[in-house]
1. Between Glu283 and Asn89, what FRET efficiency follows from the Cβ-Cβ distance if R0 is 30 Å, with the result rounded to 0.05?
2. List Tyr29, Tyr279, Tyr85 from most exposed to least, where exposure is judged by having the fewest other Cβ atoms within 10 Å.
3. Quickly work out the Lys254-to-Asp47 label distance, labels modelled 7 Å from Cα along the C-beta direction, and quote it in nm with one decimal.
4. Please compute the Kirkwood hydrodynamic radius over region 1-137, one decimal place, Å, based on all pairs of different Cα atoms.
5. Can you give the Kirkwood hydrodynamic radius of the chain from its Cα pairs, in Å with one decimal?
6. If you take every DSSP beta bridge fully contained in region 1-138, what fraction is antiparallel? Give it as a percent rounded to 5.
7. Relative contact order of the chain: what whole-number percent is it, with Cα pairs under 8 angstrom and at least 6 residues apart?
8. To the nearest Å, what is the center-to-center distance of region 58-90 and region 223-283, using C-alpha atoms only?
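Just so you know, all these numbers are worked out from the coordinates, no wet-lab data involved. Quantities reported herein were computed from a predicted structural model and do not represent experimental measurements. A quick note on method: Cβ atoms are made from the backbone with ideal geometry, for glycine too, and the neighbour counts reach across all protein chains shown.
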Amino acid sequence: MKIGIIGSGYVGIATGKLLNELGNEIIFYDVVDKKIEEFKFTKNLEDIVKKCELIFICVPTPSSKTGEIDLKILENVCETLADIYIKHNVNIPIVIKSTVVPGTTKKISKDLFESKGINISFGSNPEFITEISGSWTKNIEMIRDWSSEDKIVIGSEDEKIKHILNKIYEKFSEKIINTDTKTAEFIKYASNYCLASKISFFNELYLIAKELNIDNEVVINSLIKDPRIGIYGSVNGKAYGGKCLPKDTLALQKNLIGKLETPILDSTIKINEIMEKKYGKRE
């Protein structure tokens, strides 16, 4: 299958490499020139539409100045795609791999495509890979790439794209979770929220132990022997940083303001802010 990847950052390249390993021909699109070894690359979005049977969108969804998710890049790409679809009279399915708040895929489909008379299959296929640095851990069990992901989440209200994605990932059929787009989007946030809360939990233990003049390392080494607790997050003493956890916890919090009280989420973010002010953060 010929697949177009929009966005050639860490997630886009990882996605393209996996899909290529699964026997697909990959073409990358980005707004800046890039040399991606062994792959075709274009700065013309029409090339992707003309040559591909399926499109994955892997563009950044950064935080705004006030912490909400900024969807401008994703929306601009989709608006341009819609115009090209009309021009060439095509209906190529689109898969959003970018991290987006629940409901985004359906909203983009409705507002940017259906409103223009374009009826196409949309899917959500979030990633769970990580650029974990040595400042966190040397434990390779904590590193997640395509070879070690424990799940492949496929979300869609359209059986056509579910069938396409299940066929693409059939080598990993035991890992596939089929659901709707909104649930798929939330699974990504739930995952990062859980990881962030574990880090903040261990960091609060660090602060308590420090106040009580207790050797926190002994405490942590005792706790992580319990398989129900696990090792993740136990490298404490600094705030969580990186590209995902701060951005996604804030976006989820902002998305729920006025809708639901989230005391654990609020505390997770608050503890992280305290740790960053006192001890800095890990990237």
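1. With a Förster radius of 30 Å, E is 0.05.
2. Listed from fewest to most nearby Cβ atoms, that is Tyr279, Tyr85, Tyr29.
3. 3.4 nm
4. Computed over Cα pairs of region 1-137, the Kirkwood hydrodynamic radius comes out at 15.6 Å.
5. Result for the chain, one decimal place: 20.3 Å.
6. So the antiparallel bridges in region 1-138 amount to around 5 percent.
7. Value for the chain: 15 percent.
8. Using only Cα atoms, the two centres lie 28 Å from each other.
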